[in-house]
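The values are calculated or read from the model by the stated rules, or taken from the named source; none is laboratory data. For clarity, every value in this text was computed on a predicted model and none was experimentally measured. All Cβ positions, even for glycine, are placed from backbone atoms using ideal geometry, and neighbour counts span all protein chains on display.
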Ligand SMILES: Cc1ncc(C[n+]2csc(CCOP(=O)(O)OP(=O)(O)O)c2C)c(N)n1
Ligand SMILES: [Mg+2]
């Protein structure tokens, strides 16, 4: 237990900033207001140590903190005022809860004497945020500030990470206390990392050693547990083909020989169909989301299921497991790797490659290398961007067709390279998350793919770019539609395009108003040059590509369908 | 409701503000009704005990909600049982008009039959207490309502103790203390 001793008597706000510094915070995202002014005032004295990024909306502060946390392995921090400032964070908190992102969101609150009286800008922040956070705590006494911050960071980043809210009454911010900081390493009510059970691991190893057609599903748990290397050793020794969930995507290189692609509704054909042909399914740090499983009644019924997870609440939640292996993936994977035989499953792996051929012919070829002219496809843009960055950039995206296309076709060569809103599917996530990601990984290129719909949900963050000069490459895939909803209308609602066509502004002009360079591309021939211009430009850049208005994302497992019911075109099944 | 089973969920928590809110949202999300609820300090200082009953389709539902409750940071331990595993009890209070009781006459029969304790007698009212299972306290209520009339009636949530020798919370806490220190992950 580390202790930082200081006898000075300080204000609660000063104690808060010192606590944050003690937790290693050097960047945070926020927006001031009455009930948090003392903290912003204290921050003024620490500008050299803690960089505050002034966003344009508190939702963006949280999304930025998410982007920051996702790429940097650190806790994202947001600072907001009471009432509307706090309620504006709900979407981001919920998103972070769904996607297990470590955050500490600090909100101001009315003075403790006013609590419960419907005071100006009072909101029941704890009551509102409890269901969407890992922990939410209200501080009413100044002496509790260091203690609460210490717990907040411990809870946010240990075990299965998640968002924490600390709501601080205004009087606690101004009253004085002695500053003394102790890092939390234990809470009796909280057991973040279950101890691995050797018997279960032996049982799992035996099943894996006997397996003829084993298949591994890689989730974000691997990334959160920093178990990428252990995973690689496990997979390479056992020769087991694997696929990733959306959030697990960059844990392993895109072109690793055992990588069979992405799972889920718009995942690759092989991994989806072969889920129902494997004899052993090994889920690692993933939670069997319904976008991955489709209809549970026909999901992997033939297979023995081994589930590695840190969260006991995920075991048997959606899919009944044969063997559960609780613990941190880093530990459990290295333990099991010792017990498994070196092996290869090349014939089985070929069963995936056969589907890859079908997918290439039916879907990928037209999407990435369209031959007969016509409107620009989203896929070719993504493909050209990833190539132009040497597959080294961070890919952030918003929600919709462009999210699926960019996640499918962007290539990853290092972990923590995809920032996407998976569980909640929050439109408006992309731009602020990209800004946060750039602060989290300043040396990397950050490319954010957005739709014309989603960009307008948080387009105010052009203001943050203007203010800070942060460098993000914004690729707007403009199809003039709420494309993903339009796709469902085309497939399942008889092409009745109710409220999905958009009358859009001149995005380049909007960006220009914020001093953001931009270029619009309508012709395929211009694309390479425009991408180079974007990447060479110093500072943020908006590349608007006018893409096919009625493009479709395939393959597709329709909602509630079985993982074997993969569509590759309208009315066309594999 | 007939093919659902009644589960008793026992929860130990830190004595923190808002724990009940955290628990109830887990029921709300699954659209489960809380049938009864009882909260009080436990034998261990600073730890509160919740006893909640709820009807669920099957055991897997009970298991899932218990895991989701257990996962909350302020919760020390949560588990579920069916009636067979438990010794359980509820309390009920009945307020009757003294005049009506006098008119009725044969109160001794009721007091013996239901093992009633008389808590209070005034010129106006008499208060009965009955401890028992739901059927028993309800049975008395119905009989009193029919024969005498009940002015006020209240029933407590269930309290319960397991029959088997289960792990005691203090043991669980000691074990966690030994294993649980977690170097911060990130
Ligand atoms: C906040 C929010 N509102 C609504 C939706 C539902 N939704 C999912 S995708 C989508 C369309 C997105 O359109 P656009 O941003 O243009 O992206 P495209 O699908 O066209 O690539 C909508 C409305 C959502 N996911 N999030
Ligand atoms: Mg669109």
Check your understanding: So residue B:72 clears everything in (1) modelled with pLDDT under 95; (2) under 17 Å from residue B:173 (Cβ atoms) except one condition, right? Which one?
Key -> (1)
Study note, to complete from the structure: Taking segment A:184-205 and keeping only residues that are away from every other protein chain (no Cβ under 14 Å) and touching a residue at least 24 places away in the same chain (Cβ under 8 Å), one is left with A:198, A:200, A:201, A:202, A:203, A:204, A:205
Check your understanding: Counting only residues that are away from ligand 2 (no atom under 16 Å from the Cβ), crowded, with 24+ Cβ neighbours inside 10 Å and away from chain B (no Cβ under 14 Å), how many does segment A:440-455 have?
Key -> 2
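With the structure loaded, tell me whether residue A:202 is in contact with a strand residue (DSSP E or B) (Cβ under 6 Å, 6 or more places away or on another chain) and over 30 Å from residue A:69 (Cα atoms) or whether it fails that test. Spell out the reasoning first.
Details: in contact with a strand residue (DSSP E or B) (Cβ under 6 Å, 6 or more places away or on another chain): no; over 30 Å from residue A:69 (Cα atoms): yes.
Considered against the rule, which asks whether it is in contact with a strand residue (DSSP E or B) (Cβ under 6 Å, 6 or more places away or on another chain) and over 30 Å from residue A:69 (Cα atoms), residue A:202 comes out as no.
To keep it simple, each residue is scored yes or no on (1) in a strand (DSSP E or B); (2) within 13 Å of ligand 2 (Cβ to nearest atom); (3) touching a strand residue (DSSP E or B) at 6+ places or on another chain (Cβ under 9 Å).
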| residue | (1), (2), (3) |
| --- | --- |
| A:391 | no, no, no |
| A:403 | no, yes, yes |
| A:423 | no, no, no |
| A:433 | no, no, yes |
**Study point:** Test for residue A:396: is it within 16 Å of ligand 2 (Cβ to nearest atom) and away from chain B (no Cβ under 14 Å)
**Key:** no
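If you check residue B:32 against the conditions, is it in contact with a strand residue (DSSP E or B) (Cβ under 9 Å, 6 or more places away or on another chain), in a loop (DSSP other than H, G, I, E, B) and closer than 23 Å to residue B:60 by Cα? Don't jump to the end; show me each part of the working.
Details: in contact with a strand residue (DSSP E or B) (Cβ under 9 Å, 6 or more places away or on another chain): yes; in a loop (DSSP other than H, G, I, E, B): yes; closer than 23 Å to residue B:60 by Cα: yes.
Answer is yes for this residue.
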Revision key, fill the gap. Those residues of segment A:455-498 which are under 25 Å from residue A:539 (Cα atoms), in contact with a helix residue (DSSP H, G or I) (Cβ under 6 Å, 6 or more places away or on another chain) and near ligand 1 (Cβ under 8 Å from one of its atoms) amount to A:477, A:478
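Sort through B:16, B:43, B:78 and tell me the only one that's touching a strand residue (DSSP E or B) at 6+ places or on another chain (Cβ under 6 Å) and either at pLDDT below 95 or within 14 Å of another protein chain (Cβ to nearest Cβ) (or both). Step through it out loud before you land on a result.
Numbers: B:16 fails: touching a strand residue (DSSP E or B) at 6+ places or on another chain (Cβ under 6 Å); B:43 fails: touching a strand residue (DSSP E or B) at 6+ places or on another chain (Cβ under 6 Å).
On inspection, the qualifying residue turns out to be B:78.
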**Study point:** Any chance residue A:215 is free of Cβ contacts under 8 Å to residues at least 60 places away in the same chain and in contact with a strand residue (DSSP E or B) (Cβ under 9 Å, 6 or more places away or on another chain)
**Key:** no
Practice item. Enumerate the strands (runs of 3 or more DSSP E) found wholly within segment A:472-574, keeping only those where 3 or more residues are within 15 Å of ligand 2 (Cβ to nearest atom). Key: A:473-478, A:541-546
Practice item. State whether the residues of segment A:224-236 include one that is in a helix (DSSP H, G or I), under 24 Å from the mean Cα position of the chain (by Cα) and without any contact (Cβ under 8 Å) to a residue 12 or more places away in the chain. Key: yes
Check your understanding: From the list B:140, B:173, B:169, which residue is surrounded by 13 or more Cβ atoms within 10 Å (Cβ to Cβ), under 22 Å from residue B:89 (Cα atoms) and modelled with pLDDT under 95?
Key -> B:169
Revision key, fill the gap. Scanning segment A:138-183 for residues that are over 24 Å from the mean Cα position of the chain (by Cα) and within 8 Å of chain B (Cβ to nearest Cβ), the one surrounded by the fewest Cβ atoms within 10 Å (Cβ to Cβ) turns out to be A:183
Check your understanding: Which is more than 17 Å from residue A:53 (Cβ to Cβ) and either crowded, with 24+ Cβ neighbours inside 10 Å or under 21 Å from the mean Cα position of the chain (by Cα) (or both), of A:482, A:476, A:431?
Key -> A:476
